[in-house]
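What follows is one structure encoded as structure tokens, with my remarks underneath.
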Amino acid sequence: MEDTGQRSELDAAERNRYEWQLWVPDFGEAGQRRLKEATVLVSRIGGVGGTAALQLAAAGIGKLILAHGGELRLNDLNRQLLMTTDWIGKPRVESARRRLRELNPHVEIETIEANIDEGNAADLIGRADLVVSAAPLFAERLAMNRAAVQLGKPLVDCAMYDLEGRLTTVLPGRTPCLACLYPEPPPHWKREFPVFSAVSSTVGSLAAMEAIKVLAGFGEPLASRLLVFDLRNPCFETLPLRRRPDCPVCGPISRPAP
């Protein structure tokens, strides 16, 4: 993100709110202004995406677009930290809007009461500077990946199962995309799976930090690397990723110019 001047200036309340993160080396006030100017699309806002949205709001992102269809259920509440018990039976995105506005009124929140698919992915991603892909189903994640690569928008893909987590950052024109890693949706992948909030929140927080680094222009994102961890017997490792020459999404013929 480029500093666009007056619109990104921080007022006294913002400097006070973000004071401790302004001390981070290579970030500072310039990085904070870049976050203030940025728009991030998060799909969806359950255990993983909801935590990513929460951390981005706390960090002072300028605008969040939250996409998630459906109403809150009781069995969502063991992990979806933007939801409250009194909101059961109501749209998830409205609970998320309320909670994020309570946390940080400086953040603009737009809600989309629908899941992302091939029909709306390009429109929604075109309105953002970066995408956090936290959908449980691969069809949705691959649709976001395709639109993000075509539009040249960075995408942080994050997923978890049981006590395991996976995370990578796609920088169109520079790195492999999600379709290089998963040419076809993995078989038997289900929307419902075993999950502790502590695990989904870990993945969501890591995704938010990836987004912050890319947007503010500091640190090293997980470009061409896949972070894999297992908290059952704690271990973390990063695996190298390579672009598939025949990838229909980011291969030599299909990918945009850098």
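Of note:
- Listed conditions (1) farther than 18 Å from V48 by Cβ; (2) within 20 Å of the chain's Cα centre (by Cα); (3) modelled with pLDDT under 95 are all met by P234, apart from (2).
- Here I212 clears all of (1) outside any helix (DSSP H, G or I); (2) in contact with a helix residue (DSSP H, G or I) (Cβ under 9 Å, 6 or more places away or on another chain); (3) at pLDDT 95 or above except the condition numbered (1).
- The residues of segment 44-86 that are over 16 Å from V131 (Cβ atoms), modelled with pLDDT of 95 or more, aliphatic (A, V, I, L, M) and under 17 Å from the mean Cα position of the chain (by Cα), listed by number, are L54, A57, A58, A59.
The values are calculated or read from the model by the stated rules, or taken from the named source; none is laboratory data. Bear in mind the structure is a predicted one, so any value in this text is a computation, not a measurement. All Cβ positions, even for glycine, are placed from backbone atoms using ideal geometry, and neighbour counts span all protein chains on display.
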